[in-house]
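All of the numbers you see were taken from the coordinates with simple rules; none came from a lab. This structure is a prediction, so every number in the text was calculated from the model and none was measured. As a convention, Cβ positions derive from the backbone with ideal geometry for all residues, glycine included, and neighbour counts pool all protein chains shown.
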Amino acid sequence: MNSPETISSVRHSVTSLPITASFAALPPAFYTRLASSPLPAPYLVCASAEAAKLIELDTLALESEDFIQVFSGNARLQQSSPLSAVYSGHQFGVWAGQLGDGRAILLGETASPSTIPEGMLELQLKGAGPTPYSRRADGRAVLRSSIREFLCSEAMAALGIPTSRALSVIGSDMRVMREAPESTAVVTRMAPSFVRFGSFEHWFYNDRKDELKILADYVIKRSYPDLQANPKPYKSLLQEVSRRTAELIAQWQAVGFMHGVLNTDNMSILGQTLDYGPYGFMEAYDPGHICNHTDQQGRYAYKMQPKIGHWNCYALGQALLPLIGEVDDVHEALAGYHSVHAAKLDALWHAKLGMLQVAQDDQTLIDALLAILQHNRVDFTLFFRRLSDLQLNDSNNDAPLRDLFVERAAFDAWAVKYRARLKQENSDDVTRKQSMNLVNPKYILRNYLAQVAIEKAQQKDFSEVQKLLNILQHPFDEQPEHAHYAALPPDWASGLEVSCSS
């Protein structure tokens with residue numbers, strides 16, 4: 001997260017927000033220009049002041065009528081060129097053919113100086129009505145899924161995990177049919193680019209090398225400018241995307257996050273978390289956990305995410321093959337994925353455990369811990385947060401940790417080895433606690449917390465959404481007044497299910 005002094009003091013009103021459109025400068029085959037569909041009687045559900053600061057938008061404008069009209073899709077920003085992009089993709093491992101922005105409309109991009117390397121953020125309305133790529137759907141998003149995407153986008157950013165951001169959710173009493181009738185909403189998403197792996201697959205599978213090259217050159221110039229002088233820019237692009245993807249998924253694993261739908265059309269070419277649908281954060285630790293009720297085969301289970309990330313990078317490599325030229329170069333570009341992922345995850349495990357050095361038997365210690373966490377179904381987030389309170393020379397204070405285990409003796413045996421390992425590097429209780437609490441969040445977006453906020457919002461009470469946002473934007477702080485938001489989930493939460501329906 002950027003400190004306040006790194007963010008420009010310039011503040012735009014909604015109507016003065018400067019918009020450019022680099023994606024719209026691509027040939028017409030890449031998109032369809034269109035206007036969003038009017039949203040009847042829109043109202044503000046929630047907005048992120050932190051996200052607004054990224055685009056130098058005056059936070060006082062977030063509740064204005066101009067803001068509501070523009071980000072519901074009812075009014076157009078000056079100089080914007082609204083469009084929906086075409087792409088294709090593999091869904092659940094099967095080639096799905098042409099997909100595209102079925103309910104997303106790109107408004108353009110605006111400056112984000114001193115906050116991201118690209119210096120620009122694209123603004124996209126999700127749920128703003130049908131597009132040519134809606135595939136007979138209504139192009140709308142429902143309030144439920146819009147709140148979930150908004151909260152998780154901002155929560156992930158606060159966790160330090162690369163992600164698209166969410167500016168706002170604008171609601172309406174207009175209803176659409178899902179499993180049951182639901183009220184609609186439009187969420188405004190922000191990212192340096194919404195280009196996906198599937199954007200490249202689209203041109204490869206349609207045997208259109210010219211468009212493939214145009215897209216690759218566009219991405220390199222805008223997001224990977226250092227590669228322009230590279231003798232093999234497309235190979236290097238694949239290698240860099242693979243590296244970012246490997247590190248991103250390691251970061252997911254370290255906080256117990258599960259994306260739920262890692263299709264190639266949901267994979268960002270920038271290595272950012274994109275398209276929040278049936279996601280979930282691990283509660284009772286289970287590497288086989290499936291957060292998406294639609295995923296009957298468990299393709300996107302927690303333990304599968306690193307492998308699926310690699311699979312998706314190979315799908316991207318195949319799409320880029322006509323530009324890269326040699327199959328061996330594709331394999332070379334992807335060869336480092338597993339080692340990058342393993343190194344990043346190993347560093348994250350060491351940080352979570354407060355271990356500053358790397359020792360020979362550390363992986364054995366980590367594996368043993370994960371095994372007893374799984375066997376005892378220990379809450380993943382609570383365990384690592386409480387672990388920072390462990391004292392090297394006093395096991396009498398271990399009760400809050402031991403109480404998370406059914407078989408307390410298993411934890412006791414592991415803790416003996418853990419303490420011995422910490423003493424090898426002369427670990428200090430106070431310093432270790434401070435460092436561990438900077439990487440082990442106290443607060444995550446548990447499904448039941450989101451559900452409570454959604455149910456209140458469906459009754460026009462948006463206070464819980466805002467409260468939850470405020471808590472999740474400071475996940476590593478103690479916030480004692482909100483301690484119950486970090487407690488074990490209630491029994492009823494085990495019955496919650498999320499799926500691809502939204």
Using the Cα gyration tensor of the stretch 64-125, with a ≥ b ≥ c the square roots of its eigenvalues, what is the shape: rounded (a/c below 1.5), prolate (a/b larger than b/c) or oblate (neither)?
oblate
Please work out the Kirkwood hydrodynamic radius for the chain, using every pair of different C-alpha atoms, and report it in angstroms with one decimal place.
23.7 Å
Measuring from the longest principal axis of the C-alpha atoms of the chain, the long axis of helix 362-376 (C-alpha) lies at a number of degrees, nearest 10, equal to 90 degrees
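Report the calculated FRET efficiency for C500 and N393 (r = Cβ-Cβ distance, R0 = 56 Å), to the nearest 0.05. Intermediate values should be presented prior to the final figure.
Numbers: r = 51 Å, r/R0 = 0.91.
Efficiency, from the Cβ-Cβ distance: 0.65.
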Assuming a ≥ b ≥ c are the square roots of the Cα gyration tensor eigenvalues, decide whether the stretch 267-358 counts as rounded (a/c under 1.5), prolate (otherwise, with a/b larger than b/c) or oblate.
oblate
Residue separation between A368 and E481 times 0.36 nm, minus their alpha-carbon distance, gives in nm 37.2 nm
Write down the percent of antiparallel bridges among all DSSP beta bridges whose residues are both part of the chain, to the nearest 5.
95 percent
I need the calculated FRET efficiency for the pair R419 and A137, taking r as the beta carbon distance and R₀ as 41 Å, to the nearest 0.05.
0.15
Pulled fully out, how much extra length does the chain show between H331 and D403, if you take 0.36 nm times their separation in residues and subtract their Cα-Cα distance?
21.1 nm
Run through every distinct alpha carbon pair of the stretch 163-224 and return the Kirkwood hydrodynamic radius in angstroms, one decimal place.
14.7 Å
Scan the stretch 175-231 for GluC sites (Glu not before Pro) in coil per DSSP, keeping those whose Cβ has at most 15 other Cβ atoms within 10 Å, and list them by number.
E179
Using the basic label-point model (7 angstrom from Cα toward the beta carbon), what is the D361 to D217 distance in nanometres?
5.9 nm
Among GluC sites (Glu not before Pro) in the stretch 417-502, those in a DSSP loop whose Cβ has at most 14 other Cβ atoms within 10 Å are E425, E478, E497
Does the stretch 199-347 classify as rounded, prolate or oblate by the C-alpha gyration tensor (a ≥ b ≥ c root eigenvalues; a/c under 1.5 gives rounded; else a/b over b/c gives prolate, otherwise oblate)?
prolate
Please identify every one of the trypsin sites (Lys or Arg not before Pro) in the stretch 393-502 that sits in a loop by DSSP and has no more than 11 other beta carbons within 10 Å of its own beta carbon.
K460
Aspartates and glutamates near K423 by alpha-carbon distance under 15 Å, same-chain residues fewer than 8 away left out - which ones?
D361, D362, D394
To the nearest 0.05, what FRET efficiency results for E63 and R178 with a Förster distance of 30 Å applied to their C-beta separation?
0.55
In whole Å, largest first, what are the principal axis extents of the Cα atoms in the stretch 353-436?
31, 26, 20
Rounded to the nearest Å, what's the spacing between the alpha carbon centres of the stretch 64-135 and the stretch 136-184? Just the number, please.
13 Å
Taking 0.36 nm per residue of separation between N230 and T15 and subtracting their Cα-Cα distance, the length gained on full extension comes to 73.3 nm
Taking the alpha carbon gyration tensor of the stretch 23-128, what are the square roots of 5 times its eigenvalues, largest first, to the nearest whole Å?
26, 18, 14
What percent of all Cα-Cα pairs in the stretch 64-192 falls in each 10 Å bin, counting up from 0?
12, 38, 39, 11, 1
I'd like the distance separating the alpha-carbon centroids of the stretch 208-229 and the stretch 303-377, in whole Å.
27 Å
If you average the sequence gap of Cα pairs under 8 Å that are 6 or more apart and divide by the length of the chain, what percent do you get for the contact order?
14 percent
So what's the back-of-envelope 222 nm ellipticity for the chain, counting only DSSP H runs of four-plus at -39500 (n - 2.57) apiece and dividing by all residues, rounded to 500?
-12000 deg cm²/dmol
